Each structure stands twice: as structure tokens, then as C-alpha cells.
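Inspection log for the structure reproduced underneath, given as C-alpha cells.
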Amino acid sequence: MINFCCSALNPTVVCSTVSTDGYEVTNLVSSDAEEAQKGFLAYNAIRPPVSITIHFICSVNVSHVILWPQVGYQKSTGFEIYANSAPKSKPQIYEKAAFGYLDDDETGIIFYRTVYYDQYTRSIKHLKSFAQRAIFGSTCSSLNNTRSLQIKIIKTNSSVPALAKVEVWGKPSKSCDTAVQRNIFKLWTTRIPKKESVSCGNSESQLQTVSGAEFEIPENFLDSVTCTIMTLPFILPCGKFVDQSTLDRHEQHEAMWGRAPSDPFTGRMFSENNRPIPATALKACIDKFLIDHSERPELAYVPRTVGRKQKSNIHEVSCSTVPLTDIKPTTSVGCPTENKKVTCVAVSSDVSHLRHKRQRHGSEDIAKTEVHDVESHEEKINWSLNCALESTLAGLPTYTRFSNHTAVEQCAACSGDNMLFKLPCKHFLCRKCLVSKKESKDFSCTLCKASFQSGDLLRYHV
């Protein structure tokens, strides 16, 4: 049996309606693991029925169709299957092959043909809590020589139409050439296996197998719409949790149709007493979870408002006991004292080299400072604090650069001050000089020769 929705067999899929951004219908047959995991979500204003048509690489004798209907908290509960076995030269006529509905405790649905029952039962042993609908009688013939299959979503669980994953199992029909069948089996056997196992069940969707180990993300950390980890969680009036980015995207879509912001689940308009509230306690739990598992590859690209748990580049601080006489005056804090054993902190070379230049410059400045004879105790304290402050500031890097250039509020050409215009180089030109420069096509400053354009001029008001 072959899954003809596998991306290696190049199926194509189209939908009868628009989809939510990032949840296009092409995700159902995408070769990208991240896109395939998202699934399909119709636009939030769309209601059933919604038709999804899959075109195969060749004619297929369909054995069974497996549907995963849930994306996050969005779930479809009613489906109809239509098949088209007409050649390409004739109009596409779809015949109804099966239909079925899901209960609340069922996570998926399987439509199978009774003629392939033995092969079907061996291939679905891992699928539990799936609804099974058999296809009997003459309707089975419509699934022979199928060139395209149409899946129609006819009912949802008070949500938008959703479909997480589709698998259409079968064999190439006997009408296909032998070379075509051989090529299809070759593509199927040489397909690239997925590195991560993606399960679309409700409880199993949070487990991802990476390097043989299971990593579980708590379900309450996931957005109710996009099923991704929330960065800034909000609780809606209906009780669902969504991220701020989901709310912003929903408001943009509503604004496109001229509607006010509303609850994505109930459609109720927001008001002063009925609006989303930041879930601060949940955000604290999510931040702690991201910090504790920051080394996990699954969370490498998750947006976050907190840092990552990393080891500091600063070596451990070591303590040593040295005489006070060995300490230079630039590093002493407080009034002069007698020679005593004191404990000082030795900072590692990784940190000290950042301050080497500024500290040396600051020590020279402090060394030049004349120490006046002070008599009162208050003056001694003030002198001591000044020395400590200067020595501390001298060892810190500066990020401020002061310019020696002072703008003169007069024309650089005629030294006039009537109707001045400021140039990008901070010099000034009057209107008369600007007109003359425009006539001579000399767009440069008279003093610094810096070029400018007419749009760079700024009228200067005294």
C-alpha cells in the first residue's frame, strides 16, 4: 500500500475557500515538516461546507482514507468523500463515496473499502480512538481509477473548518503503464523518512520524538488557535488562552471587513467589561519553562521575553589577603588608614582588560589631583568620597562621544543671519547664498565642502 498524499509523489491540493495565514491547504501535502505539522485552517469568517480536492500523480485504486480533523482547539466533525475517475479529457464529475461524523471522544475518522479489509486492519493498528466507516456495494467502484479525491467538511465543533493531516492509501490502478507503476514504487521506497514523528491526536500532539527522547510541552502553554507556545498569553472572555500576536492578527482580519475587535471563538464584540485580560501567572510559568529548557532544539526558535540559561563568561571571583600598602591610591576608598591586612576582590583578566585603558587614564587624572590639607572630619569624608567616585567612574567604559564642533548661527558664506537654513553638516546658509549656489549648481557647504541636496535643508528659527 502507498500513501498517495506523500510529498514524494508530488500530489497537488486546492481548496474552495481562503485559509488562515500560515495554515494554507498546501500544508497537507508539504515536504516541510513545520508546514505539515500546522495543517489547514479556513479563514475565521468561513463556515461549512468547505471542499478540499487532492489530485494524484496517476490513477489510484483507493483502499482507505484517514483524516485527522483537529488543529489546536479547532475541530471538524463531519465529512463527505467524493471521487473522480473520469479521464482528463472529460469533465470532472465527482461521485459521492462515503460520509461520516465524529463524536467528542473520537480524534479522527477512517473511511475504508471492505474489499481491502485485511490489508486495512494491519495498517491502522497504531490508530486508536478513530471512528471507522466502511464503504459497501456499488460505491466502492467509484474509488477505482481515481484521479482526484474531494474531501468536503460539512460540520465543525463550533469552530472554523480544520484538517490537520490527510492520508489516502491505495495502489496504482491496472490501467497505468508498467513503467509508471515502477516509477511510483521507486519514489515511495526511496522517500526521505521524517526525523521527527508528528502525531495529530489531541493528547499526543504535544509529544515530539527527537534523538529517541520524548519532550512534553504542557498543553496549557499552547495557543488555543495556532497550537504554538505563547509569548504574551491573554485569557479571552470565553475562557480560552491565546497569544497577543494571534489577537493582533485576528483584529487585522476583522478590520479588513469593517468589524470591531471580537472574540475569535464566540464572535462577541469586546467591551470595557468583556475584553481579553493578560494572564500574568501563566506567563511566569511559561518563562520559567523556557529558561529551564532553553537548550532543547524544539525551543530554539520560540519567541521569548526572557533570556536563556547560560554559563557566565566571567570567571569565578577569587579572594586574597594583601597588605594595604600594596593597594594603589587610585583604588582606595575612604580615608587613609594604617597598614592593615585587608581582604580585596581580584577580578579575572577577562573583565579587567575591558577597563584597562580607562582605568589607566583615570588614575593619571586622580594622581594629578592635589590633596589639600583638610582639618574637619566632614571635609575628610567629602575628599574621600570624591576620590572614590572618580576612581570608580574612571574604570567604566563610556558610550558618549562629544563633538568639538560648535554650530555658529550665521551664514557660512556671507556671515549674515537673515533667513538661515541648516545643512546636514550643522553649518548654516542664508536664502540668498542658497539661491546663488542653486544657479551655479554647487550643492556643497562653503566651510567643510560637504555635499547636500535640496531636500536635506532645514529652516532654522532663532
Between their Cα atoms, which of Lys75/Lys186; Lys128/Lys288; Lys155/Lys240 are more than 26 Å away from each other? Lys75/Lys186; Lys128/Lys288
Linear extension gain, Ile291 paired with Val14, 0.36 nm per residue minus alpha-carbon span: 95.6 nm
Counting other C-beta atoms within 10 Å, which of Glu219, Glu251 has the fewest, and how do the rest follow? Glu219, Glu251
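Taking 45 Å as R0, compute the FRET efficiency from the Cβ-Cβ separation of Arg47 and Asp177 and round it to 0.05. Mind dumping the intermediate values first?
Numbers: r = 44 Å, r/R0 = 0.97.
After rounding to 0.05, the efficiency reads 0.55.
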With a ≥ b ≥ c taken as the square roots of the eigenvalues of the C-alpha gyration tensor of segment 217-299, please select rounded if a/c is under 1.5 and otherwise prolate if a/b is larger than b/c or oblate if it is not? prolate
Starting from the Cα of Phe185, step 7 Å along the direction of its Cβ; do the same at Met256; then give the gap between the two resulting points in nm. 4.7 nm
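With a cut-off of 8 Å between alpha carbons and a minimum separation of six or more residues, what is the relative contact order of segment 420-459 in percent? Working shown, then result.
Values: 39 pairs, mean separation 19.2, N = 40.
So the answer I get is 48 percent.
Using a Förster distance of 30 Å, how high is the FRET efficiency between Glu216 and Arg304, based on the Cβ-Cβ distance and rounded to 0.05? List each step's numbers first, then the result.
Values: r = 19 Å, r/R0 = 0.62.
Efficiency, rounded to the nearest 0.05: 0.95.
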Using label points projected 7 Å from each Cα along Cα→Cβ, tell me how many nm separate Arg431 and Glu106, to one decimal. 8.3 nm
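For His250, His461, His427, His293, what's the fewest-to-most ordering of other Cβ within 10 Å of each Cβ?
Values: His250 18, His461 6, His427 22, His293 14.
The fewest-first ordering by Cβ neighbours comes to His461, His293, His250, His427.
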Between segment 44-87 and segment 4-28, how many Å separate their Cα centres? 11 Å
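Since every read-out is calculated from the coordinates, none of them should be taken as a lab result. Remember, it's a predicted structure, so these values are computed and weren't measured experimentally. Glycine gets a Cβ as well: all are built from the backbone with ideal geometry, and neighbour counts include every protein chain shown.
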